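Reviewing the structure listed below.
The values are calculated or read from the model by the stated rules, or taken from the named source; none is laboratory data. Note that the structure is a prediction, hence the values are computed from the model and not measured. Because the Cβ atoms are built from the backbone with ideal geometry, glycine has one as well, and the counts that use them run over all protein chains shown.
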Amino acid sequence: MYPHQTERLTEALERAGLDALVAVSPANVAYVTGFWSLFRAVYPAAEIYAVVTHAGTALVVPTIDTPAVAESAADADHVLGYGRFVLDGARPSERAKPHADAPAAVAAALEVLGLRGGHVGLDDEAMPAARATALADRLRAFKTTAASEAFAVARAIKSPYEIDCLHQALRIAEEGINTVLAMLRPGVTEREAAVLFDHEVARQGAAPYCTIIAFGAGSAVPAPWAGDRALRMGDLVRFDLGCVVKGYRSDVARMAVMGEPSARQQQAFDALHAGVEAAIETARPGVAGGDVFDAALAAVRAAGLPPFDRHHVGHGIGLEPAEAPWLRPGGSSLEMGMVLRVETPYYVIGETGLNLKETVLITRTGAHSLNRSHRGLVVLD
């Protein structure tokens, strides 16, 4: 675990008066140990836990995952397996008898970290109720409490390493967009454009996810699969996509138009652009997420889209595409070191959809954009 994560999690323990934190979600487990389980990606019900105390860390995985942990860059003081799985030729470090089940392994992890009692915070939001009950029952010697918020607060402030990873992910995604822009012409399909983007991102060593490249009326669907819709003159093109670098996400939205934009297309885009600009200008340490939300909505409406409305205009980004803090009514105050993804999407069902997303770092004096691509409407000819 990097010193930044150690410091943030130690602060979380002290702030909540906890002796241990138990991470459950894939992102929180990765934050504590650096381990991402492919097995859990295939079988989401698999139980994987990361335990952090003042004395160190422990990783609890199904026995099938123990070789993956050994081969990975996972960083935990102790690794405990559970459940039966046959591993012929296992190395000595992998031959320890596994625990009967995940709750037993978590209890053993706490013990090996020097705890037989005390106050344990559970990453409850990522746990089905039955699983949370079973784990709490196994930890009867401890007082257990909900602690997902403790992880969210810890992860909200990014380290230089995390910012660098986010920067790399943005660069690769934006270069992928540029590659697609260079091949777009009437007749190209959404699927062809999406395949090219994914290929370009993979060529640069990142993993694409949730690639949305939508044309014309297809852009009005907020989350569409790429299809066989062909690009036509006059169509808007909505890019809404990203990639993963070392576990960290980018999420970029840009707009283009095939041929000269209509007055209505340009006005709608300009209004959304004004909203993003207002949000960025407003964001700084001490400003509430709700204030950024209000500034963005007011700017979009004043610039030509009076009916524009939203439930949020962005949030944090990091190990997950959406994480704390949130830019919405009641949103918490911003702090230096947070990385936010600001957006102003607008959809007219059956007609068109536009979006613009910018990733910014909260600095001592304001918000610094991490994107390098032009935010304006790209005209294709």
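Can you pull out the residues in the stretch 205-224 that are under 20 Å from the mean Cα position of the chain (by Cα) and not small (Gly, Ala, Ser)? Give the steps one after another, and end with the answer.
As a first pass, look at the stretch 205-224 and keep what is under 20 Å from the mean Cα position of the chain (by Cα): 205-213, 222-224.
Scanning the stretch 205-224 gives Pro208, Tyr209, Cys210, Thr211, Ile212, Ile213, Pro222, Pro224.
Which strands (runs of 3 or more DSSP E) sit wholly inside the stretch 6-70 and have at least 2 residues that are modelled with pLDDT of 95 or more and more than 22 Å from the chain's Cα centre (by Cα)?
56-62
Could you list all residues from the stretch 273-289 that are crowded, with 17+ Cβ neighbours inside 10 Å and assigned to a helix (DSSP H, G or I)?
Result: His273, Ala274, Gly275, Val276, Glu277, Ala278, Ala279, Ile280, Thr282, Gly289.
Only one of these is free of Cβ contacts under 8 Å to residues at least 12 places away in the same chain and in contact with a helix residue (DSSP H, G or I) (Cβ under 9 Å, 6 or more places away or on another chain): Glu149, Glu162. Name it. Lay out the reasoning, then the answer.
Values: Glu162 fails: free of Cβ contacts under 8 Å to residues at least 12 places away in the same chain.
Answer to the check: Glu149.
Please give the strands (runs of 3 or more DSSP E) falling wholly within the stretch 309-364 in which 3 or more residues are under 21 Å from Ser159 (Cα atoms). Even if it seems obvious, please write down each step before you answer.
Numbers: elements: 314-316, 323-326, 339-343, 346-348, 352-354, 357-362.
Output list reads 314-316, 323-326, 339-343, 357-362.
Would you confirm, using the coordinates I've provided, whether Pro208 is touching a residue at least 60 places away in the same chain (Cβ under 8 Å), within 17 Å of Pro321 (Cβ to Cβ) and surrounded by 14 or more Cβ atoms within 10 Å (Cβ to Cβ)? Give the derivation first.
Details: touching a residue at least 60 places away in the same chain (Cβ under 8 Å): no; within 17 Å of Pro321 (Cβ to Cβ): yes; surrounded by 14 or more Cβ atoms within 10 Å (Cβ to Cβ): yes.
For Pro208, the condition - touching a residue at least 60 places away in the same chain (Cβ under 8 Å), within 17 Å of Pro321 (Cβ to Cβ) and surrounded by 14 or more Cβ atoms within 10 Å (Cβ to Cβ) - is not met.
Being farther than 23 Å from Ala226 by Cα, polar (S, T, N, Q) and assigned to a helix (DSSP H, G or I) is the filter here, so list the residues in the stretch 142-195 that pass it. Lay out the reasoning, then the answer.
Taking the stretch 142-195 as the starting set, the residues that turn out to be farther than 23 Å from Ala226 by Cα are 142-168.
Keeping just the survivors that are polar (S, T, N, Q) gives 144-145, 148, 159, 168.
Result: Ser148, Gln168.
Quick one: in the stretch 291-309, which of the residues that are of a type in the set (D, E, K, R) and within 16 Å of Tyr347 (Cα to Cα) is surrounded by the fewest Cβ atoms within 10 Å (Cβ to Cβ)?
Looking only at the stretch 291-309, we keep the residues that are of a type in the set (D, E, K, R), and these are 291, 294, 301, 309.
Of the ones still in play, those that are also within 16 Å of Tyr347 (Cα to Cα) are 301, 309.
Values: Arg301: 16, Asp309: 10.
Of everything passing the filter in the stretch 291-309, Asp309 is surrounded by the fewest Cβ atoms within 10 Å (Cβ to Cβ).
Of Gly56, Gly89, which residue is of a type outside the set (Phe, Trp, Tyr) and either touching a strand residue (DSSP E or B) at 6+ places or on another chain (Cβ under 8 Å) or surrounded by 13 or more Cβ atoms within 10 Å (Cβ to Cβ) (or both)?
Values: Gly89 fails: either touching a strand residue (DSSP E or B) at 6+ places or on another chain (Cβ under 8 Å) or surrounded by 13 or more Cβ atoms within 10 Å (Cβ to Cβ) (or both).
None of the others qualify; the one that does is Gly56.
Within the stretch 336-381, which residues are out of contact with any Leu (no Cβ under 9 Å at 6 or more places or on another chain), loosely packed, with under 14 Cβ neighbours inside 10 Å and among the charged types (D, E, K, R)?
Glu351, Arg364, Asp381
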